[in-house]
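Worksheet for the structure shown next.
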Amino acid sequence: MAATSTRSAGKARGARTVYYFGDGKADGDRTRRNLLGGKGANLAEMCRLGLPVPAGFTITTEVCTAYDRAGGRYPAGLKQAVSKALSRVEKSMKKRFGDAQNPLLLSVRSGARVSMPGMMDTVLNLGLNDKTVVGLAERSGSERFAWDAYRRFVQMYADVVLGVKAEAGKEVAPFSEALEAMKKKRRVEEDTDLSADDLRELVATFKSIVRKATGKAFPEQPEAQLWGAIGAVFGSWNTERAIAYREMNNIPGDWGTAVNVMTMVFGNMGEDSGTGVAFTRDPATGERIFYGEFLMNAQGEDVVAGIRTPMPIDQLAAVAPTSWKELLRIQKLLEDHYRDMQDIEFTIESGRLFMLQCRAGKRTGFAAVRIATDMVREKRITKEEALLRVEPAALDQLLQPVFDADEQAATRRDGRVMTTGLNAGPGAATGRIVFTPERAVELAAKGEPVILVRIETSPEDIKGMQAAEGILTARGGMTSHAALVARQMGKVCVAGAGELMVNYHDWVMGVGDTILEEGDWLSLDGTTGEVINGRLATQPSEVDTALFGTKAKAKKAQAGQTWKCFSRIMRWADGARRLRVRTNADQPDQCKTAVAFGAEGIGLCRTEHMFFGEGKIDAVREMILSDTLAERKAALKRLLPLQRRDFEGIFKEMGTRPVTIRTLDPPLHEFLPHDDDAIRELARSMGVPAEQLRNKVDSLAESNPMLGHRGCRLGITYPEITQVQARAIFEAACNVAKKTGKKPRPEVMIPLVGDAAELASQAAITHAAAEEVFKRKKMRLPYLVGTMIELPRAALTAGAIAAEAEFFSFGTNDLTQTTWGISRDDAGKFIPIYVDEEIMPGDPFASLDTAGVGRLMEIAVADGRGARAGLKIGICGEHGGDPASIDFCHHLNLDYVSCSPYRLPIARLAAAQSALRD
Ligand code: PEP
Ligand code: MG
């Protein structure tokens, strides 16, 4: 994008483009978040609340979108609107932009609808030039301060707006090099030891660097500086890292960012100035304490960038008591007003407090459930609001493992704990050390768990952070980039481990004599902040222990804060949701876990998974390899009691809950050995020549097995397979009913049906088997026969299929595969590229493609229920555990979603949120 063009991009249909805020007045308010971005809307709101906000104005997100579409041209009238707003700011602050005596200086910042921490650009101290710097020096009473501000401005502007970066092959930008050279020349250690004259000289050097790099002089005109910065901030919406962040967080590319232009206030004007960030509650645990950190005599970026390690917020009481009292009052007022935990940014300029930002604070999953439930108890919000405050996926953090307590205690005794940093992202992580985000991505792709070790992280590291199990930094506080981003991603993170040496040249890290290299094992405890040498076993979370631990352990865990909040949220969610939740499980222990996590039935039991169990695979193989019907029947007879026992185990666990059992689905070839040794071994055990067996295995191979002889096609060609499976199901159900007195509710599900006649054939076999068993057992049980809808033709002929089916279950894994014509097993090669290129908004195998696959589902629901009123319909593909897909299923009016046991809490909450949003 052209950075400084102010040419018109046509009329924006008279829409207002600039919103002023200052002196307790604001054109906008917090309801205009989409237009003003989160930061702009909240600055306006804080002004309306009478809080001390430096005056400024917001250029809307619509301008960004228009500017983007018009290839770097602004909507008509923007220039006049900005200049009008700037005059109001000048009047309010009693300073003039570009004035040599009393200059107004500005910050120019991004601010999207949702916060994208550190992803876009900022320019500070704008408006400084060789004349205004003199005015600033006089007004502030410090020449050194003014030249330092000017020096920082030239550096930042050159980097962000003019694109002057490090030369190829060099690690540091030329400005840092010049700064270091100056310090060396003056024989000083710290930047703060340089004099006003040194800084003046540096400004001149910086400007010559700019001239050399760009071929142009550094812009002296404040107005030109302002438009350059506005263009750069809008442009930063489309940087690689911002796009990567949007993809990860499903933020649409056409939302755009607003630009906030605000009067500069200085936290670095001396010892009675400072800056800080704080949360109205602890963002890691959710505890109700005012939590944060500050630095005296510093600019805001110093705190967030993690360059200096700041002080805990309560120490402000001693350093700046008046501001501390005012801050306490404001933080309370903001939390009361917004009725949510707030993340605030403030600056104290010469003893005067200013609020620079407030927003709903990012929090861990632990903090989310605690804050939501506490706020209900404090009568600030309703249970319904509490449910909507917790991101369903964040619950996953509560289920993550922790380290084995005994082993961890041993590491403390034997010196394996290398150091302790800040507990920025809770949980336990263990993995191999890597020092670059690229290596993290590379090793993680090979299935290696990795720990990303950095001096400090920057937004460029985002992909590596995503790939890592845990993140360790040597510098930075609880609100440093690493901490914020890790918390949001739900990653384990230890930040600001100050004792840690990290050397990017030799790829080593260490503390004292302990030096570790890339590839060595490292463990991080994000709850205590401990950095542990070596690999440590992990153990179940508090939630897991509360549910499945031994009696004593469970009791202790149930008294813990996490379990209490979690179970409360789950209880409320169950009261609010309409969708039922089931689980995909095929073993009794999985059923037990699932029931504990709230499963109301089984939505999919894949019988083929049982075939690999102890003693079964041989009988299965004999059945597959049989040449005659008699041989096949004999093998199936051996399989029957084994299958029956499996089903009995499941029915026992599930009691009277419905259990959907699918008849055999995969191509038979999947059950056979393929390499020569295994074939020889099987031939020996079957007493047949290896050559003969090899020929048989080869004859069963298919070009496209996923589209081949599988699903109901197997049951149609070998009806005895369906017969025996159905018999095993009904016999097991009758046996369990007799033994426990509880009537199981089997639901037999036929896979890969494309036509009603296919289902009719399999349903007839199943009903006949049921009748035969009930007669023999002298009892009847309620049962259903239904089908998966996992082929487009099934969805399109759902009306006819419903005449035969007593229920439908969407197999959206196959339905996605067959609708797109994309092989489930090969999609990984190109879908990530499609997503990168924005050809697809996301992976359709992870989150439902509502436009295509969803459209087929709509047809199937309408036609299915049209043909059979009240037809029960669920979903059992992987999408059944994805919040966005669950929302779609809610609106399709499905009866239930089914997902893996550990995703059940997410599904319950997502289903509740869908119901509440209605
Ligand atoms: C599906 O296709 O969505 C499904 C649940 O079945 P499977 O994954 O076993 O093919
Ligand atoms: Mg399937």
Under the Karplus curve 6.51 cos²θ - 1.76 cosθ + 1.60, θ = phi - 60°, whole-Hz ³J(HN,Hα) for region 289-298, x wherever Gly or Pro sits: 9, 6, 10, x, 7, 8, 9, 8, 6, 8
Point-to-point label distance, Phe612-Ala862, nm (Cα→Cβ direction, 7 Å offset): 4.1
Å² per residue, accessible surface of region 334-422 at 1.4 Å: 40
Where region 671-821 is the region considered: accessible area per residue in Å², 1.4 Å probe: 41
For Thr263, solvent-accessible area (1.4 Å; no DNA, RNA or ligand), Å²: 10
Region 395-450 - charge dipole about Cα centre, Lys and Arg +1 at Cβ, Asp and Glu -1, debye rounded to 20: 180
With 20 Å bins from 0: P(r) over the chain, alpha-carbon pairs, percent: 13, 38, 31, 14, 3, 0
Charge dipole (region 669-732, unit charges on Cβ, about Cα centre) - positive-most of Met686, Leu672, Leu707: Leu707
Where Arg69, Arg339 fall by accessible area, highest first, once all protein chains stay in place (1.4 Å): Arg69, Arg339
Heavy atoms of Thr663: accessible area, 1.4 Å probe, square angstrom to 10: 10
Extension reserve of the Ala204-Met686 stretch, reckoned as 0.36 nm per residue once the Cα distance is removed: 164.7 nm
Eligible aspartates and glutamates near Lys25 by straight Cα distance, threshold 14 Å, same-chain separation 8 or greater: Glu45
Cβ-placed point charges (K, R +1; D, E -1), dipole of region 455-604 about Cα centre in debye, nearest 20: 1440
Region 376-499, accessible surface, carbon-and-sulfur percent (1.4 angstrom probe): 47
For Arg96, distant residues with modelled amide H under 5 Å away: Asn102, Leu104
Accessible solvent surface per residue of region 148-273, calculated while the other protein chains remain in place, 1.4 angstrom probe, Å²: 46
Farthest positive-ward along the chain dipole, Cα basis, beta-carbon charges - from Gly292, Val434, Ala800: Ala800
Estimated dipole of the chain in Debye, rounded to 20 [Cβ of Lys and Arg +1, of Asp and Glu -1, Cα centre]: 3240
Listed pairs Lys553/Lys739; Lys463/Lys829; Lys743/Lys778 exceeding 21 Å between Cα atoms: Lys553/Lys739
Links that overshoot a 32 Å alpha carbon limit, given the list Lys91/Lys165; Lys592/Lys738; Lys551/Lys742; Lys183/Lys212; Lys39/Lys165; Lys184/Lys362: Lys91/Lys165; Lys184/Lys362
Cα gyration tensor shape for region 378-437, rounded if a/c is under 1.5, else prolate or oblate: prolate
Reachable aspartates and glutamates from Lys185, criterion Cα separation under 16 angstrom, eight or more residues apart if same chain: Glu177, Asp193, Asp197, Asp198, Glu201
Förster radius 51 Å - calculated FRET efficiency between Ala317 and Glu223, Cβ distance, rounded to 0.05: 0.75
Accessible area of region 814-885 belonging to carbon and sulfur atoms, whole % at 1.4 Å probe: 53
Dipole of the chain [Lys/Arg +1, Asp/Glu -1 at C-beta], most positive-end residue of Ser523, Thr812, Gly72: Thr812
Centroid-to-centroid separation of region 110-182 and region 796-861 [C-alpha atoms, Å]: 50
Carbon plus sulfur fraction of accessible area for region 516-597, probe 1.4 Å, in percent: 48
Rounded if a/c under 1.5, otherwise prolate or oblate - region 440-538, Cα gyration tensor axes: rounded
Separation of the Glu138 and Ala757 label points, Cα + 7 Å toward Cβ, nm: 9.7
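The values are calculated or read from the model by the stated rules, or taken from the named source; none is laboratory data. Keep in mind that this is a model prediction, so the values were computed, not measured. Every residue, glycine among them, receives a Cβ derived from its backbone with ideal geometry; neighbour counts consider all protein chains shown. Surface areas here come from the heavy atoms of the whole protein model, side chains and all, with no ligands, DNA or RNA. Shrake-Rupley method; radii C 1.70, N 1.55, O 1.52, S 1.80 Å.
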